[in-house]
Structures are given as C-alpha cells and as structure tokens.
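Below is one structure, written out as structure tokens; comments come after it.
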Amino acid sequence: MIEFFSEYGLFLLKTVTLVVAVIAIIGALAAAGKKAAHQEGLEVEDLNKKYKSMASALKQAVMKKADWKKEAKAEKERDKAEAKADESRPRAFIIDFKGDLKASAVPSLREEVSALLEVASREDQVVVRLENYGGVVHEHGLAASQLVRIRDKEIPLTIVVDKVAASGGYLMACVANRILAAPFAILGSIGVLAQIPNFNRMLDSHGVDFEQITAGKYKRSVTMFGKNTDEDRAKLKEELEDVHLLFKGAVTKYRPDMDMDKIATGEHWYGTRALEFGLADELKTSDELLAELAKDHDLYRLAYKIKQPLQKRLMAGADAAMERVDALGWRKRFEDRLPR
C-alpha cells in the first residue's frame, strides 16, 4: 500500500509539473503576443546620438576624473553650438534588410521606404545594409522594386554588403547608385535554380498510383510524384532560361558596363574579385561608411515592426530551421573552397 501511494504521489507530481509547464508556456506566448501588439509601427534611432553616447561612456571609463569633466563640458558646448547653427546638415536614412528564402522582410521594407520618401530629399541619401542569400524569384523581385522607388525619386541609394548579396540578394543590390562590399563579402550568383525531388519510383514500388489532371498543356511540367518526361524537363529548362534572361536584364539596366557573359554564369565572388568584375564599386564595410557619414550627416536608422499573428510566430521556428539548413548549404560550398 505504501508503495502504491508513493508511485501515485510521484505520478501526481509529474502531472502537476507538466500542467504548470504548459500554463507557463501559454502565458509566455500570450505575453509575447500582447507585447507584440504594442510594437507595431516605425522605430527611428538617432545614430549620431548613439555613437556620441558610446564614445562618452568609453572616455569616462578611461580618462582621469578632472580630464573627463573638462571633456564633458567641452562636449556640451559643442552640442549647443550645433543646435544653434542655422545650417541644417544632410541626412542619411539607414535601413537593414536581412533576407531569407521568401524575402519575408519585404512588408517592413515597403513601409520603411514609404516613410522615408515622405521626408527625404535629393540632398539626403539612403543606405541599405543588405544581407541576403537569395530565394524565391517573385519575392525578391518585389524587394528590389521597393528599392527602385528610391532610385525613381532620385534620392542617392547606397547598398552595403558586409556578408552576402547573392542571387535574389544581388537582384536587390544592383538597383543601388553605389554598391560597397566588405573584402570577403559574397556577391553574384546571377543564375536561376530549380531542385525538385521525385518520388515516383518509391510510390510505384509500393503500388501507389499518382493521378494528375490538368487543363492547359503546360499547367504542370515537372512533378514530384508523377513520372517526368524529357518534354517536361525541357519545358522547365525553358522557363528557367526565361527567368535568367529577365534577371540579366534587370542587372544590365542598373549596371550596364558589366560583361554579362562573364558574370551571369551563376558563380559568386568575394568582395575583392567582385570589385574587379564590376559587381561592386568600392571595398568598404558598413561600419566604415557610417563613421564617415556621421561627420557631416545626421544619421537615422529606420525599422518598421509588424505585428505577427500567433500562428505565424509559432511557425517562425520551423521556417528559421529551414533557413539555417539552406545557409549551411551555402557555407559548406564556401568552406570547400577555402585553403587548408
């Protein structure tokens, strides 16, 4: 009997623990959803103030107390003088775009561009810190179209690539008036790819028939479950070639001096080599660029936060896992080329 009550108590304790854990998770999701509801909208960060604040904190930490007091007083006087100055400085609006297969940051990008177009003039400029491996064609085409809106207003647009702008990422980058790249940033991959697994033989070996009925000869060509023919493959190849032609045309429009036969092979290059081929205009990181601009520009970083439904937030983990797998594939390709 004692053993029974002992086991029952242990079972009850585990059950209570599980219930408490589930309640805690639900509570955390609800809190996150409530918090997200208040985060919808445009965030604007004054980067000049941020840089000054960081520099002041470091000076205070390393300088002697008397020297720091003198420096702090001089800094206040400089700030007052700048505030009284009649001449307004040009502005630089900073946007961060971190891409994924679906270019899911596009909704934020379109809001950020819409906001700055209401304020920016031709004397200002826009800097996009771009990190994008590429992905779905039409999604990245839409992302590039948002940047075209800036070009059409004749506001100088600079895109800085610290890590990678490949495939659809380079489709976005080529729109800029100026492309800056870190020495080992990856640019290019001007090509189109389709990878489709086929399970037809597996289904056939298990006695499973696959039926596909279409209206329209080319409603579906290559399929995952049916038997593909040479005609199907030829049609898919034709479609890919057409997209590749559009891709090359978009790049040529904004960077007409590049040798398309040489660079539109689907290959990618590191920053120094990309500069030689005309894929970039200068070797420079975003940190270097912003440090230079801060001397005579007012810098404002824009970020539009969009409220995400609970279902989308729950699915974000799965999408992120798939993105990591894809990024690992890219990284493996690059690591294979590194000297040992």
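Where a number appears in this text, it was derived from the coordinates with a stated rule and is not lab data. Worth saying up front: this structure is predicted, and the values here are computed from it rather than measured. Virtual Cβ from ideal backbone geometry, glycine too; neighbours counted across all protein chains shown.
Tabulated results
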| quantity | calculated |
| --- | --- |
| Percentage of interatomic Cα-Cα distances in region 152-210 larger than 16 Å | 60 |
| Sites ARG201 and LEU142, calculated FRET efficiency, Cβ-Cβ separation with R0 35 Å, nearest 0.05 | 0.40 |
| Mean projected area in nm² (Cα convex hull; one quarter of hull surface) for region 192-254 | 5.2 |
| FRET efficiency for GLU82 and ARG220, using Cβ-Cβ distance with R0 set to 51 Å, rounded to 0.05 | 0.20 |
| Cα centroid of region 190-210 to Cα centroid of region 233-295, whole Å | 33 |
| All lysines inside 24 Å of LYS217 as judged from Cα atoms, apart from same-chain residues fewer than 8 positions distant | LYS227, LYS235, LYS237 |
| Eligible aspartates and glutamates near LYS307 by straight Cα distance, threshold 12 Å, same-chain separation 8 or greater | GLU40 |
| Restraint check, LYS52/LYS73; LYS52/LYS153; LYS50/LYS76; LYS52/LYS76; LYS49/LYS76, Cα-Cα greater than 20 Å | LYS52/LYS153 |
